[in-house]
Amino acid sequence: MSDRKRYSRIEIRKQAHSFSAAHFTIFNKTERENLHGHNFQVECELTAPVGDDGLMFDYGIIKTALRDLCDDLDEQTILPEKSPYLGLEKDGVYTVALFNNERIPFLARDLTILPIANTTVEELSNYLLGILLELPDFHRRGIVEMTVKVSSSPGQTGCSQWRQE
């Protein structure tokens, strides 16, 4: 038998890896969607070496991290902090989204502001991938490739991928 490392890929799709959130996509400086919600689904695919025990690693850590990330976003309105077209300001107990002469107020308890440019599935998948890559547990697992997918409905999925170089 060869001494080369054997790699495998796992795909994690669990019903618990979902969140319900309100958002609106911003198309340009004057057009946006109406505020609406989705039941977002999150998936993760990983490639790593398989050990002599036939196991990549205990990927329960991934399931827990994904569930925690989804719980943080669940039942929130998500706004982008880095949009070139959306401003955010505090107005007493409200955070007000400023868009094209509109003032849209939100209570802090209902709002999550993310460091993204837009609240799209492609931005959400990249945001979640970035958080997973920063977790110390992931760096000790030999992961060489990771893909995070976020779906807003069947057939509408954003994917972000990282590969070790």
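May I ask you to work out the translational diffusion coefficient for the chain at 10 °C, viscosity 1.306 mPa s, via Stokes-Einstein with Rh from the Kirkwood sum over Cα pairs, reported in whole µm²/s? Rounded, D is 92 µm²/s.
Residues of segment 2-24 with an amide N closer than 19 Å to a point placed 7 Å from the Cα of Asp52 along the Cα-to-Cβ direction: 2-8. Potential lengthening of the chain between Arg4 and Gln161 amounts to 54.0 nm, from the contour at 0.36 nm per residue minus the alpha-carbon distance. Each Lys and Arg contributes +1 and each Asp and Glu -1, all at the Cβ; summed about the Cα centre of segment 44-112, the dipole is approximately 360 debye.
This model, with +1 at the C-beta of Lys and Arg and -1 at the C-beta of Asp and Glu, gives the chain a dipole about its Cα centre of some 280 debye.
Here segment 75-149 yields Rg over Rh of 1.11, to two decimals, using C-alpha coordinates and the Kirkwood radius. In this simple spin-label model, placing a label point 7 Å from the Cα along the Cα-to-Cβ direction at both Leu107 and Val93 gives a separation of 0.7 nm. The alpha-carbon of Lys14 sits under 21 angstrom from the alpha-carbons of these lysines, leaving out residues fewer than 8 places away in its chain: Lys63, Lys149.
What percent does the relative contact order of the chain come to when contacts are Cα pairs within less than 8 Å and at least six residues apart?
25 percent
The angle between the Cα long axis of helix 121-134 and the longest principal axis of the Cα atoms of the chain comes to about 50 degrees, rounded to the nearest 10. Only lysines eight or more places from Lys29 in sequence, or on another chain, were considered; those with a Cα closer than 20 Å are Lys82. If you bin all the Cα-Cα distances of segment 13-105 at 10 Å, starting from zero, the percentages per bin are 14, 32, 26, 17, 8, 3, 0. Only helical runs count toward this figure. For the chain, summing -39,500 (n - 2.57) over DSSP H runs of n ≥ 4 and dividing by all residues gives -6000 deg cm²/dmol at 222 nm.
For Thr64, the accessible surface of its heavy atoms amounts to roughly 60 Å² (probe 1.4 Å, protein chains only, rounded to the nearest 10). Helix 60-73 and the longest principal axis of the Cα set of the chain meet at an angle near 0°.
The values are calculated or read from the model by the stated rules, or taken from the named source; none is laboratory data. Just so we're clear, the structure is a prediction, and the values are computed from it rather than from any experiment. Note that we place each Cβ from the backbone using ideal geometry, even for glycine, and neighbour counts take in every protein chain shown. Side chains are part of the model used for accessible areas, which takes the heavy atoms of the whole protein and leaves out ligands, DNA and RNA. Shrake-Rupley method; radii C 1.70, N 1.55, O 1.52, S 1.80 Å.
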